[in-house]
Amino acid sequence: MEAQNFNKEILAFNKNVIKMSFDALSAFSGQAAVATDTLLGTIPSVPEEGKKAVSIYFKQGQKGLASLKKHAESGLELDWTAKDAPVKNLEAMEAFCKDAFSQAVEIRNETKVLVEKATKQLPKEAKSIVDFWNDSVNSGFETFQSCVNKNFELAKKIMADVSVVVPTAEPKAAK
């Protein structure tokens, strides 16, 4: 068997494994969402806001899984022998992070109203603790997101600087 055909078969196998794995995870996650929704529906003391928040997390989890699948599959499409493979890989990682960050922001925005509504019933002392915790989580996320974005900017700058100083291979002269 030729090496090129063997490599294509290995790549096709890996793509199939990734697709099947993500399909299984998606099915499992979907069933977990249905089971959780059913369980929460049987408990009358769970506030409606809590049920909605859980639903939002599961919905965004499904979106995140689909995004991860898309990025993993696109990573298998890269020509890792190409000169620009490191740049393309960095761009793929950055696109995945941006997708993940946008989903986290969407969760925060969708649950903010639910948290505010749910905490209205709490005594003011407890409400301040919930607000502090919520602000801390969001601040930590924003700091993490800022660090990741700065690292991508630095990596792109370094790759650009390195590509300027790295000599290109001269074609071999025909003998």
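A search for C-beta distances below 6 Å between a residue of the range 81-93 that is surrounded by 15 or more Cβ atoms within 10 Å (Cβ to Cβ) and any residue that is part of a loop (DSSP other than H, G, I, E, B), counting only pairs 6+ apart in sequence or on different chains, returns Lys88/Leu78.
Residues in the range 99-138 that are at pLDDT below 80, polar (S, T, N, Q) and assigned to a helix (DSSP H, G or I) were compared, and the one that is farthest from Ala53 (Cα to Cα) is Asn138.
For the residues Ser55, Ser74, the requirement of being assigned to a helix (DSSP H, G or I), of a type in the set (S, T, N, Q) and open to solvent by 60 Å² or more (accessible area, probe 1.4 Å) singles out Ser55.
Checking each residue in the range 94-120 for being of a type outside the set (D, E, K, R) and open to solvent by 90 Å² or more (accessible area, probe 1.4 Å) picks out Asn109, Val113. Considering the conditions (1) part of a helix (DSSP H, G or I); (2) touching a helix residue (DSSP H, G or I) at 6+ places or on another chain (Cβ under 6 Å), Val46 is excluded by exactly one of them, (1).
Just one of the listed residues (Ser136, Ser128) is more than 30 Å from Asp161 (Cα to Cα) and open to solvent by less than 60 Å² (accessible area, probe 1.4 Å), namely Ser136.
The values are calculated or read from the model by the stated rules, or taken from the named source; none is laboratory data. Note that the structure is predicted; figures quoted are calculated from it, not measured. Counting neighbours? That spans all protein chains shown, and the Cβs are built from the backbone with ideal geometry, glycine included. Heads up: the accessible areas ignore ligands, DNA and RNA and are worked out on the full protein's heavy atoms, side chains in. Shrake-Rupley method; radii C 1.70, N 1.55, O 1.52, S 1.80 Å.
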